[in-house]
Structure formats: C-alpha cells, structure tokens
C-alpha cells in the first residue's frame, strides 16, 4: 500500500439485508440462546460459538430514517443467526484496509456475538468493538474484525453496525420540529448507545458479564469511544475503554453545533438544508421531511465516501455537538476532569494520518511560529529529510499521536489508571514499502487475524507479534490492566516519566517516549 498525504487523510475520514429463517428446527449440535426479542440459533466453529446478524433495532428505513433506533420486532420460533447482516449504507472504496464482507443496505442495524463454546463456571468479560471508517465507511463484516480469537481467550465479543454518512449524522429544522424527546442529529451515536444497552439486557444469555464490559474502537470508532466515555447517556454501560488512533482533543471533523452557527461554521441544520436544496427540496416543514425520507438511499449517499468526503463538506455535517448526547469535545472534558475514572488503554501508530499543504520546508516550519527553529531541529535535524515525509509526520502527530499522549497525560494527572502504547510493528512483507506502521494496521494484530490480512505473506514473526498484542488487549479486558503472566511489563502511564509500550519489530518494549521533543511542540500548538 502506497502512502501519500491524500491517502493518509482518506484512511480516517481509517447487502441486501440477510434473510433469516424463523421457526427452523433446533439442532442438537448448534447453540441456541434466548434474548429479549426471541430465540437465536448460532453456529460452532473450532470451539467458538458465533451468532451473527442479530437485529438490535428495527430497520431504520422509511419513516424511521433519521429517528433514534427503535426496538426490533419480536419473532416466534428460532431465528437463524449464522450470517452477517448487511453493513450500513455507503459507497465502498477500493483501497479500504478492511473491505466489507456484505453489500451495504439501509436496513443494517445488526450485531454479532462470539463466545467460547466450552461452558464456564462464572460470567465472562465482554468486549464491544466500534469500527472506523471516517463515519462514512466501515462495517462489522470485514474478516479482520472476526471475534473468534477473543472468544478462544475467554471473552464474549460483540461487534455491530451503526449508521454512516448522512444516515448517521443529519439535522434539519423539520426534524427538530418533529422530535418529541430532543434526540437529534447523531443517529450513529444513538445506534452505539442502543447496542450498549442491548448488551446490558442480553449478554448474560451468551455467558457474558454485563458488569465487566470493555468498549473499544479504532479511528472513527476510537473517537466514538471518547464520545461514549464522556456522554451522560452512556454512564454505567461499560467499565473499561481502549482507544486506538482515536484522537482525543477536538473531533476530527470539528463537530458543528446543532442549531447555531459557531466558530465560523454553519449549524448542522444549515448543512442539512443545503443538502435538501441540492436535491431540489425546499422548506422546513413536514412536507420537506417527507420528500427527504422518500429519497432513494443512493441519493442520500450521493457519491460520498472516504475518497470524496472533503468535497461533500457543504452538505454533510459529520458528528454534531447536540448538547445532549454530545455536550463537549473530549479535550474539554479531560481538562475539566469530568470523565468517569475508568481504566483506559490509549495509543496510536507510528505512521498515522493527517494532511498538510505547505509547498516548502520553510513554509511548513513557519506554521510553528516562535517554535519554527525547534520544529526544524525536531523533524529535520540533518536538513535532508523529504518534504512529503516531514509533512506526514507532523500531520500524523497533530491528528493522532499527540492527542493520544494528551489523553494519557490528562488522565494520569488526576490519578486515573491509563496505559499508553505506540504501534510501530510493520508486517515483514511490507517493510520495504512502509517506513512505519500506517493507520489501522494494528487491527489485524489486536484481533489476531493477521492471516486474514496478509494470507501467505504472513511470517512467524508476524504471528508472534499478533499473539503478543492480542494478549495485552485480552488481559486488559479481563482485569483492567494489560499486564499478565509471560508478557513484558507494561508500566502504567505517569506524566513525569512519560513511558509507553512500543510494539516494535523487535517485540513489545517499554521506553520513555523518544518523540517527546516534537510532541511537546505539537502540544503547544494545540492549546
């Protein structure tokens, strides 16, 4: 995979619904569970029971487009849960690091559960995964997101789909007038909350412990974890969090306010009106909303994905500061110490993503103001570094690496248990192409699904790295501390010592952050 500035930015910004058989005959060899909407029959593979395509909400179509998720219809008999449901409506793009396993559709609010088939004496820890994709792409069906290896390590693992693009984030005056409970705009986040509540109601049926839930996600999924951690509506729904390349200062898209213009940005409602106008729909009444809900799903997508979303900025708001579910930026919450004091594992990769448009090194370093000379010494001490490389490093530090350290620092200062990592491991087959670990490349190692990603190019060293990373994540989910027997020690983060765990090509290594000089410069700019 070639890395360029544009592809780096695209990585973040890193099906027709499956018919299920209701009333099928139960099989003595296949697992059956009863949840609050009916009975499910899953499938067993190599000691792992999987239940896929489980509806956690009613299809968000027709009159339910742009409404909070509604309870799914109950069913009689036993529902087959052996195939993924449709991933949410989107326009896939060819270079996606986690290509979808199902065609997308608007009817997409399904989740999946993996558990060990062997019965245990007590309830098992639970992990809930939120995928990335810039809030416009992604789904739960990609092979690298398979939860089987977590289940083999004694975890009940949950993944799910949430609405994307304009289906997931949309505001319009007519929606405001229609709303009875004030839940507006952030339908993607509402879906995530609905899953967390579903877990509280139903995970015991799968052998999981609703009081030992770890919420984790990557990129847009990591940003979602920040939102859930700091939303009063999510209080008590999980006990530990993991944030992979999820920023931690302001949201990636800037998050407009729901009703008011702010910071030179139009309101989310203004953006929704602009989209409606682009489709020839005028007005702010119920008639306009009826026309918007009648638009084909493809017209709502309107060609937008990670490759084109920057061009869609005038008609797409992204996540919204709605004052209820999303009340503030993560940075604001952490500086005010208003977040719940849960155990946190946070980090980023060594060659993340970002964007920059400087034409010369002088222009690039001038952006640091009085720190221009120090920035030059930190990023280009020999004076012979490539402009493109430095630009990516600075952009990566601004968007992902420094915000992860900021979160670790802010939480550590108030005594919250936090562990910071940097993922620097590069698969052996890619070391001539990648000078560092690009955005999202930690995922196959975290899930121990590297073989799905690298196939016959996977080496023994790659498999060893995956087992190590996976083991830390499993241990954290079980105990709230990533350390365990046989693992190199990962010290809890302390702001004064600034020691992190670096997952290098030579193995996990605890070390003082060698990037401290350059990250301190970035931090000074973020204030």
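Read-outs: derived from the displayed coordinates by stated rules, not from any lab. Keep in mind it's a predicted model, so treat the numbers as computed, not measured. FYI the Cβ positions are ideal-geometry reconstructions off the backbone, even for glycines, and counts take in every protein chain you see.
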(message) Explain nothing, just the number: relative contact order of the stretch 359-526, from Cα pairs under 8 Å at least 6 residues apart, as a whole percent.
(response) 25 percent
(request) Would you please report the Å³ per residue occupied by the convex hull of the alpha carbon atoms in the stretch 451-527? (result) 150 Å³
(message) Give me the one-decimal Kirkwood hydrodynamic radius in Å for the stretch 296-340, with the sum taken over alpha-carbon pairs.
(response) 13.1 Å
(request) May I ask you to derive the FRET efficiency for residue 29 and residue 387 from their Cβ-Cβ distance with R0 = 60 Å, giving the value to the nearest 0.05? (result) 0.50
(message) For a Förster distance of 45 Å, can you work out the FRET efficiency between the beta-carbons of residue 479 and residue 372, rounded to the nearest 0.05?
(response) 0.50
(request) Go ahead and estimate [θ] at 222 nm for the chain from helices alone: -39,500 (n - 2.57) per DSSP H run with n ≥ 4, summed, over the residue count, rounded to 500. (result) -8000 deg cm²/dmol
(request) Calculate, in nm to one decimal, what residue 298 and residue 235 gain on full extension: separation in residues at 0.36 nm each, minus their alpha carbon distance. (result) 19.1 nm
(request) Please identify which residues in the stretch 429-449 have an amide N closer than 20 Å to a label point set 7 Å out from the Cα of residue 118, following the Cα→Cβ vector. (result) 448
(message) I'd like to know how the stretch 359-526 sits against the 2.2 N^0.38 Å rule of thumb: what's its Cα Rg over that expected value?
(response) 1.13
(request) May I ask for the Kirkwood hydrodynamic radius of the stretch 195-285, worked out over all distinct Cα pairs and given in angstroms to one decimal? (result) 15.8 Å
(message) How would 79, 115 line up from fewest to most surrounding beta-carbon atoms within 10 angstrom?
(response) 79, 115
(message) In Å, what Kirkwood hydrodynamic radius results for the stretch 138-204 from the alpha-carbon pair distances?
(response) 14.2 Å
(message) With N set to the number of residues, divide the alpha-carbon radius of gyration of the chain by 2.2 N^0.38 Å and report two decimals.
(response) 0.95
(message) Taking the beta-carbon count within 10 Å as an exposure proxy, list 443, 35 from fewest neighbours to most.
(response) 35, 443
(message) Of all beta bridges DSSP finds with both residues in the chain, what is the antiparallel percent, to the nearest 5?
(response) 45 percent
(message) Could you order the peptides 377-384, 173-180 from most to least packed, using the average number of other C-beta atoms within 10 Å per residue?
(response) 173-180, 377-384
(request) Would you mind ranking 226, 259, 172, 211 by Cβ crowding within 10 Å, fewest neighbours first? (result) 211, 259, 172, 226
(request) Using 0.36 nm per residue of separation minus the Cα-Cα distance, give me the extension gain between residue 261 and residue 277 in nm, one decimal. (result) 3.9 nm
(request) Could you state the orientation-averaged shadow area of the convex hull built on the Cα atoms of the stretch 17-156, in nm² to one decimal? (result) 9.4 nm²
